[in-house]
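Trainee: Below is the structure I would like to discuss, written out as structure tokens.
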Amino acid sequence: QVQLVESGGGLVQPGGSLRLSCAASGRDFSAYAMAWYRQAPGKQRELVARITSGGITNYADFVKDRFTISRDNAKNTVYLQMNSLKPEDTAVYYCNGFRLGHDYWGQGTQVTVSS
């Protein structure tokens, strides 16, 4: 089992950048596939980016070339670097860990893109 805590959200102007962090506690973090999801008001939760235990990444089309997911297994942390932010990126961002058929979620961090 793993516990996940997100940080790094906040208010940013359009075109700005933020880096989200997700700190994991528990065993075998390196064996987990990790992902970032987001949920905007009135919308379903959607996948933003995923990174496998082996470091393979994939992204939703709406964030390609703007967001980068990475992980530091020595620090038990996964990151989401978000550049060129748009108002439509406003959402609660959730960290997800997946292993052996089990999903684990953080509490979420709010990202608001507004002038």
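The values are calculated or read from the model by the stated rules, or taken from the named source; none is laboratory data. Computed from a predicted model, the values in this text were never measured in an experiment. FYI the Cβ positions are ideal-geometry reconstructions off the backbone, even for glycines, and counts take in every protein chain you see. Surface accessibility is based on the protein's heavy atoms, side chains included, excluding ligands, DNA and RNA. Shrake-Rupley method; radii C 1.70, N 1.55, O 1.52, S 1.80 Å.
Trainee: Exactly one condition in (1) of a type in the set (Gly, Ala, Ser); (2) modelled with pLDDT of 95 or more; (3) surrounded by fewer than 17 Cβ atoms within 10 Å (Cβ to Cβ) is false for residue 106; which is it?
Mentor: (3)
Trainee: Among the residues of the range 58-70, write down those that are surrounded by 15 or more Cβ atoms within 10 Å (Cβ to Cβ) and at pLDDT 95 or above.
Mentor: Passing the criteria: 59, 60, 66, 67, 68, 69, 70.
Trainee: Next question, about the same structure. Out of the strands (runs of 3 or more DSSP E) lying entirely within the range 29-115, which hold 3 or more residues that are of a type in the set (S, T, N, Q)?
Mentor: Result: 109-113.
Trainee: For the range 82-98, which residues satisfy the criterion of being more than 13 Å from residue 3 (Cα to Cα) and surrounded by 15 or more Cβ atoms within 10 Å (Cβ to Cβ)?
Mentor: 82, 85, 89, 90, 91, 92, 93
Trainee: Another question, if that's okay. Select from the range 12-28 the residues that are modelled with pLDDT of 95 or more, of a type outside the set (S, T, N, Q) and more than 14 Å from the chain's Cα centre (by Cα) and list them in ascending order.
Mentor: If the condition is that a residue be modelled with pLDDT of 95 or more, of a type outside the set (S, T, N, Q) and more than 14 Å from the chain's Cα centre (by Cα), then 12, 14, 15, 16 are the ones that fit.
Trainee: While we're looking at this one, here's another question. Inspect all residues belonging to the range 28-46 and state whether any of them is surrounded by fewer than 12 Cβ atoms within 10 Å (Cβ to Cβ) and in contact with a strand residue (DSSP E or B) (Cβ under 7 Å, 6 or more places away or on another chain).
Mentor: no
Trainee: Of everything in the range 47-57 that's open to solvent by 30 Å² or more (accessible area, probe 1.4 Å) and hydrophobic (A, V, I, L, M, F, W, C), which residue is nearest to residue 113 (Cα to Cα)?
Mentor: For the range 47-57, the residue satisfying everything is 47.
Trainee: From the residues in the range 1-17 that are part of a strand (DSSP E or B) and open to solvent by 30 Å² or more (accessible area, probe 1.4 Å), which one is farthest from residue 104 (Cα to Cα)?
Mentor: Filtering the range 1-17 for residues that are part of a strand (DSSP E or B) and open to solvent by 30 Å² or more (accessible area, probe 1.4 Å), the one farthest from residue 104 (Cα to Cα) comes out as 11.
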